[in-house]
1. Does segment B:60-69 hold any residues that are within 13 Å of another protein chain (Cβ to nearest Cβ) and touching a residue at least 12 places away in the same chain (Cβ under 8 Å), and which are they?
2. For segment B:154-175, give me each residue that is under 39 Å from the mean Cα position of the chain (by Cα) and surrounded by 10 or more Cβ atoms within 10 Å (Cβ to Cβ).
3. When you scan segment B:229-244, do you find a residue that is more than 17 Å from B:Tyr133 (Cβ to Cβ), of a type outside the set (A, V, I, L, M), exposed (fewer than 14 other Cβ atoms within 10 Å of the Cβ) and touching a residue at least 12 places away in the same chain (Cβ under 8 Å), even just one?
4. Does segment A:99-120 include one or more residues that are outside any strand (DSSP E or B), more than 14 Å from chain B (Cβ to nearest Cβ), surrounded by fewer than 16 Cβ atoms within 10 Å (Cβ to Cβ) and of a type in the set (S, T, N, Q)?
5. Among the candidates A:Ala188, A:Ala192, single out the residue that is surrounded by 13 or more Cβ atoms within 10 Å (Cβ to Cβ), part of a loop (DSSP other than H, G, I, E, B) and modelled with pLDDT of 90 or more.
6. Can B:Gly93 be described as out of contact with any Pro (no Cβ under 8 Å at 6 or more places or on another chain) and on the phi > 0 side of the Ramachandran plot?
7. Keeping to segment B:82-93, report how many residues are assigned to a helix (DSSP H, G or I) and at the interface with chain A (Cβ under 9 Å from one of its Cβ atoms).
8. So is B:Gly57 within 14 Å of another protein chain (Cβ to nearest Cβ) and closer than 22 Å to A:Gly57 by Cα or not?
There are 2 protein chains.
Amino acid sequence: MRHYASSQVVEIRGKLFMIDCGEGTQMQLRRSKIRFTKIQAVFISHLHGDHCFGLIGMISTFGMLGRVATLHVYAPAELGEILQNQINFFCQGLEFKVEFHSVDTTKKAVVYEDRSLIVETIPLQHRVPTCGYLFREKEGSRHIDREMMNCYNIPISQINNIKEGADWTDQDGKIIPNEKLTKPADKARSYAYCSDTKYIPNLYKSLENVDMLYHESTYAKDNESRANLYYHSTAEQAAHVAKAAGVGKLLLGHFSARYEDESCLLDEAKSIFANSFLTNEGMVFDV
Amino acid sequence: MRHYASSQVVEIRGKLFMIDCGEGTQMQLRRSKIRFTKIQAVFISHLHGDHCFGLIGMISTFGMLGRVATLHVYAPAELGEILQNQINFFCQGLEFKVEFHSVDTTKKAVVYEDRSLIVETIPLQHRVPTCGYLFREKEGSRHIDREMMNCYNIPISQINNIKEGADWTDQDGKIIPNEKLTKPADKARSYAYCSDTKYIPNLYKSLENVDMLYHESTYAKDNESRANLYYHSTAEQAAHVAKAAGVGKLLLGHFSARYEDESCLLDEAKSIFANSFLTNEGMVFDV
C-alpha cells in the first residue's frame, strides 16, 4: 500500500487502485516502481484541486503509453462533465474508455465489487461533498496442503473442489474432512481512507476492526478550533477515531504546511492510540 | 531567466512572466526561490497537456495564498472557456481576476506591452495551433553620472530631464551636452521561446539577433524523420535556426525521454552553433 501527498495506490492481490489524484501524481508514479498503467480504477474523495487536478494528466499519459483497458473513475457527480470536456479537448483519439461512476457521498454504499474485493463509501464532513473509501478483501479460498494431498493420493482434478471446501472420500469409503487437507485462507485485509474531514465522533462505527486506517490530521491540538472552522481534523481526533474503531494501525497525513516537523502530530496521536504512523511522499505500508 | 521541464519564468526588471505551465509547475516553483505569486502574466504556446495542465492548480494556489492582483493569461482561444469552467467550479470566491487574452498563433503580433517590455507571438508549426513568444526589453534611460552632476552643480530637480536626454546650460550660458552628464543605458535584452515546433527553415527571420533563443530539440539527427512526422525538431535543426538568426546563445530543451544522456544532442547542436546549452529542471540563465 503506497501513499503520496494527495494520492494513494492500493494494491490488492495484484490489482492496483488509486485513491485521489492531486496535481503531479503521474510524476510521482513515474519515479516509483509502481506499474501505474495497470491502475484499474480511481476513487476520488472530493473535488478540491489537491485531490483531483492530476487526473486529466494521468489519463492523457495513459493514452500516450497506449493503454487500451477501460479506466473507471468514481467521484462526486460534478466531476463527470468537467472531466469529459477535458478528455474531449485534450485527449482526442484516446484508445481506451474512461468510465465515470457518480458517487453519492452522503451515504454508505458499495461502489465497486469484484471476486476478491469490495469498496464502500464512507460519508465524511468537509467544506464540499466528501467521502472516504473502505477497501475490504473478500475471504479467499483455503490453501491446499500438498503433503496431505499426496498422502491420500488425491488426483489433481480434485484440487479446485477441495480448495472450495469439499471433503475427500478415499477408496475405502473413509471421509477425510477438508480441514485435514487444507490450511486456512489468508486473512481478509481491510483499509480505510478518510480525507478530508472534520472530526466525526461516531465515524468509528463505519471503521470497526479495519486493519489499517488513514485519517487526515491537518493540525495539532493547539489548532483545534481552526480544524473545526475549516472542516479538518487534529492528530488527536484522528487517534480517537482509530481507538474507538479498534483498528490495527493508524496512518496520519494531509499535514498543514505550518508544521516543518510533524513529530508533534505523531506524539499527540500516540498518546491516544499507540500504533500511529506519519505518512509522507513515496511511503509504502503493508496491511 | 529560469527554465523548467514545460514551464519557464522570465524575469525582466523585477517583473515575472511565465511561459507555459505544465502539470506540477507550482510544485517546482515552491521548491525554487522564485516569488512566484508575483507572476503577472502566463503565455501558453499551445494546448497540449504538458504545456498547460498546471495552470488551474497554480491559479487555485494563488487564490489560497490571498492573491489580489489580476493574472493575465495569453493562449490559443479554446483554452478560454475550458479554463473559465474550471475556475467557476474549483475556485469559487477567488479574490483576483483571471483575464484571458486569446492569441492568434498564425501571425506575428504584439500581444503585451508595458513601459519596459514588448512580447510578440512567433508562429510555429506543431500538431495543434502553436506559437512561440519573443520578449524584447525596450531601450532604457541613460544613467546619471553623479560625478559630472556634482562637477557642474546641477540641482536634483533636473535629474529626470537629464535622464531623458536633456542637455544642461550652466550659469555662464555654456551648454553641456547630455553625453557628458550620463552614461549609456543598459543594453535592451531579448529572449525568444520556440516550443513545440517542427523545423522551420525561415524561422530565423523572426529571431534575428536575439540575445537568447530557446528552441525545442526533441530528437537527435538519427530521428529526423520521426521529428518531421511528429512536428518536432532535432538539435541540429535548432542550431541551424540559431546560426541563421545570429542569436547570442541557444538553449536546447524538450528532449525525448529516449535520451538518457542528452550530450549527443548538445554535440550535434554545437557542431553547427557553438554557443549551445542544454536546459534542465530548475536551471537559471542570464541573458
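The values are calculated or read from the model by the stated rules, or taken from the named source; none is laboratory data. Keep in mind that what you see is a predicted model, and the values were worked out from it rather than measured. Note: ideal-geometry Cβ built from the backbone for every residue, glycine included; neighbour counts use all protein chains shown.
1. B:Ser60, B:Thr61, B:Phe62, B:Gly63, B:Leu65
2. Once the filter is applied, which keeps residues that are under 39 Å from the mean Cα position of the chain (by Cα) and surrounded by 10 or more Cβ atoms within 10 Å (Cβ to Cβ), segment B:154-175 yields B:Gln158, B:Ile159, B:Asn160, B:Asn161, B:Ile162, B:Lys163, B:Glu164, B:Gly165, B:Ala166, B:Asp167, B:Trp168.
3. No, segment B:229-244 has no match at all.
4. Yes - at least one qualifying residue is present in segment A:99-120.
5. It is A:Ala188.
6. Answer is yes for this residue.
7. Total satisfying the criteria: 5.
8. For B:Gly57, the condition - within 14 Å of another protein chain (Cβ to nearest Cβ) and closer than 22 Å to A:Gly57 by Cα - is met.
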